[in-house]
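Computed from the coordinates by the stated procedures, all read-outs in this text should not be read as laboratory data. Nothing here was measured: the structure is a model prediction, and the numbers come from that model. Positions of Cβ are generated from backbone atoms using ideal geometry, with glycine treated the same way; all protein chains shown enter the neighbour counts.
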Amino acid sequence: MGTSSINYSIHRYADILLLRAEVAVEENDLGTALDLVNRIRNRAKKWQSCSFCRWNTFSQLCN
């Protein structure tokens with residue numbers, strides 16, 4: 001690869017949702033904060049049972 005003057009900023013979707021949840025808590029909008037955190041949890045649950053991974057659960061990945 002060659003050099004480039006273009007800089008890329010990469011952000012994980014979960015990090016963006018957590019930042020938004022933190023703002024919601026500061027605004028005392030706990031319902032929205034809970035919804036955002038649950039969206040992250042649900043995405044993580046889907047990852048644990050993905051068919052293309054050789055590990056079935058996160059605990060197997062860490063062992």
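Would you mind putting 20-30, 3-13 in packing order, based on average other-beta-carbon counts within 10 Å, highest first?
Going from most to least packed, we get 20-30, 3-13.
Each label point is 7 Å from the Cα along the Cα-to-Cβ direction; what then is the distance between the points at Ile16 and Arg43, in nm?
Computed distance between label sites Ile16 and Arg43 equals 0.8 nm.
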